[in-house]
1. So, of the residues in region A:158-179 that are within 15 Å of B:Arg149 (Cβ to Cβ) and open to solvent by 10 Å² or more (accessible area, probe 1.4 Å), which turns out to be farthest from the other protein chains (Cβ to nearest Cβ)?
2. Which members of region A:113-128 meet the condition of being more than 7 Å from chain B (Cβ to nearest Cβ) and either without any contact (Cβ under 8 Å) to a residue 40 or more places away in the chain or not charged (D, E, K, R) (or both)?
3. Which condition does A:Arg168 not pass, out of (1) charged (D, E, K, R); (2) in a helix (DSSP H, G or I); (3) under 19 Å from B:Pro155 (Cα atoms), if it passes all the others?
4. If you check B:Leu170, B:Leu233, B:Leu220, B:Leu174, which single one turns out to be at pLDDT 90 or above, away from chain A (no Cβ under 14 Å), more than 20 Å from B:Phe57 (Cα to Cα) and in a helix (DSSP H, G or I)?
5. A:Thr248 versus (1) at positive phi; (2) assigned by TED's automatic domain parsing to the domain that holds A:Val312; (3) not hydrophobic (A, V, I, L, M, F, W, C): which is the lone unmet condition?
6. Looking at (1) open to solvent by 50 Å² or more (accessible area, probe 1.4 Å); (2) in a loop (DSSP other than H, G, I, E, B), can you tell me which one A:Ala127 breaks?
7. Here are the criteria: (1) away from chain A (no Cβ under 14 Å); (2) at pLDDT 90 or above. Tell me which single one B:Ala164 does not satisfy.
8. Pull up region B:280-305, narrow it to residues that are of a type outside the set (Lys, Arg) and open to solvent by 80 Å² or more (accessible area, probe 1.4 Å), then point me to the one that is farthest from the other protein chains (Cβ to nearest Cβ).
Amino acid sequence: MDQPSAQDTAASPAAAIETRGLTKRYRGGQLAVSSLDLRVPRGSVFGFLGPNGSGKTTTIRMLMGLIEASSGGARVLGEPMPRAARTVLPKVGALIEGPALYGFLSGRDNLARFDAADPTADPRSRARRIDAALDRVGLTAAAGKKARAYSLGMKQRLGLASALLQPRELLILDEPTNGLDPQGMREIRTLVRELAEDGTTVFLSSHLLDEIEQVCTHAAVMAQGRLITQGTVAELVAASRGRLAVTTPDPAEAVRILKEHGVTDLVVQDERITGELPSVEAGPPEEPPQGAEGPLDLAELNAALVHGGVRVRSFGTERASLEDVFVSLTGEGFDVAG
Amino acid sequence: MSQAETAAAPTAPAGPVKATEPAEPTRAAVPTAPDAPRPVSPLWTLSLFRSELAITFRRWRTIALLGVLALVPVLIGVAVWIETRDGGSVGAGRGGDEVGPAFFSQVTNNGIFLVFASLATMLPIFLPMAIGVIAGDSVAGEANGGTLRYLLVAPAGRTRLLLAKYAAALVFCLVATVVVAVAALTVGAMLFPHGDVTLISGTRVSYGEALGRAAVIAGLVALSLTGIAALGLFISTLTSSGIAAMAATVGLLITVQIVNTIPQLHIVHPYLFTHYWLSFADVLRDPILWDGVVKNLGLQALYVAVFGSAAWARFTTRDITA
């Protein structure tokens, strides 16, 4: 008994969220999440990606103790969930599947209601904390309006405000920019960055890939209830290397030369050629990268083309976006999983 | 000063202090450390109950329900007043076969009987229906609106939330009863004589004592509603549709009331939560007959225990997917 607990305390400072074999099978037999091993480092802005129906929300609900895992377990802020919900959840702010408000209450009273539900919230500082949260999401002017008169974007902001009623160690934001106009999206992204700078771990689920790419330091990709990959955003993008793109009026000759230099998967489209650069990993790992047999130098390749009489209009690599990574990993577009 | 310095010094010789020392300076040095627990007062937990009351009574639906409940005694009072204005008696042409403690005939003698008449009229259906709406909607309505998940991640705590919901429902039982009683008392005092009161056993008591008995009766009526409040709460934990839970609770109430009138089913009658409801009339006897009242309260306690536990068992294990 002593040993695991010692291990746990050692692991807790590093991970804000850690799941082991987390599985949820609904009563109908549908497997929503299948042995998920997720690790969200403290201080990260963690993007949680996946098509609709890939098990993101089920995972979040299990992390928050709303639904019970069929097997496996989760630790949030180092403590087991849902057992330690009472001590963990006051340190966690959450926006789950969009905001839910009492339409007959004003924005301010909605926040007071959710704050009153937290037994660790001091009623004496309630009004002040509510004002601060409203101010932070830019909703002070509309605070007295009944929530049913709010637009979707305002509701979203109020939901965010309720996640910010206390200083939090972890924020779980499920599609936080849903329903916001571009300006609002930018404000929320700025807010997320500010919170992350203050040391709050942010777990952000989104279907907007560029949003994840702009804001997140880490990301995980889910598809059909399984975790496909996780790591830093830089790693993920690097793993799916950019493709070489050459524009030339002499495609036939160019293809021949590119092939000689080990470029594969060549696609010719009129005057535009794209291809896969020889991968670094293909070479022996102990060989230094700058060696003669190392990765192809793009300058050399360009020189070879020109030397071979190919007139080059443009030459370069197309940087892979997270979307490319996503599509290459899931083998599908961003559609609803059947 | 010097004492504090000595205590804070790491080489403090005092034995018992030593054990806590390593923790103390660490916490003091990093007051904003994430693991430092915020000082929490146990009283703050009552905020949820206050909030629950506010949510219940600030809703237009609740105000409307209470308004309707207040209106019924007014209607009864005015109807009796109109019928008896010319010196006739209530239900004179109906053969006089009075069913149960309706108290209507006594209203013209003393306005306070309007309280008893109203409660006796409204306890079988109106009052429990209002409770059914409030209790049935309590959890299911939050699930329907999605606010349940935010309350639970706040974290309200499932047991705590359920207790707050039930406590608010009980407060509503009392408020609803008091609203009916006060409306009836007011209208009764305005339209009919008030003075010494003749109890149903024939004894005369002062108006003051009659008021006391009315208060006891109002309390008993409110307690009579605790059973259906627990039942409604349980049904509310079964579904994510507030309307369905309300309808089911009220439907069950009506079914029980019908079963209670079928003589062939007399075997189950003593177990129906409505069966002893009208026992409150015995408080108007001299001496008071506590038999039925005790049976009623025992039965209500049984229902609260059974359906309260069922609601707890269901709600604490349920997956919140709404």
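The values are calculated or read from the model by the stated rules, or taken from the named source; none is laboratory data. Being a predicted model, the structure only gives us computed values, none of them experimental. Every residue, glycine as well, gets a Cβ built from its backbone with ideal geometry; the counts of neighbours run over all protein chains shown. Accessible surface is based on the protein model in full, side chains and every heavy atom, while ligands, DNA and RNA are left aside. Shrake-Rupley method; radii C 1.70, N 1.55, O 1.52, S 1.80 Å.
1. This residue is A:Glu175.
2. Taking region A:113-128 and keeping what is more than 7 Å from chain B (Cβ to nearest Cβ), we get A:115, A:124-128.
The answer is A:Arg124, A:Ser125, A:Arg126, A:Ala127, A:Arg128.
3. Condition not satisfied by A:Arg168: (2).
4. On the way: B:Leu170 fails: more than 20 Å from B:Phe57 (Cα to Cα); B:Leu233 fails: more than 20 Å from B:Phe57 (Cα to Cα); B:Leu174 fails: more than 20 Å from B:Phe57 (Cα to Cα).
From the options B:Leu170, B:Leu233, B:Leu220, B:Leu174, the qualifying one is B:Leu220.
5. (1) is the only condition that A:Thr248 fails.
6. The single condition A:Ala127 does not satisfy is (2).
7. Result: B:Ala164 passes all but (1).
8. From region B:280-305, those of a type outside the set (Lys, Arg) are B:280-284, B:286-294, B:296-305; that's our starting set.
This time we only want the ones that are open to solvent by 80 Å² or more (accessible area, probe 1.4 Å), so: B:287, B:289-291, B:294, B:302.
Details: B:Pro287: 47, B:Leu289: 44, B:Trp290: 40, B:Asp291: 43, B:Val294: 37, B:Leu302: 31 Å.
Restricting to residues being of a type outside the set (Lys, Arg) and open to solvent by 80 Å² or more (accessible area, probe 1.4 Å), the top hit is B:Pro287.
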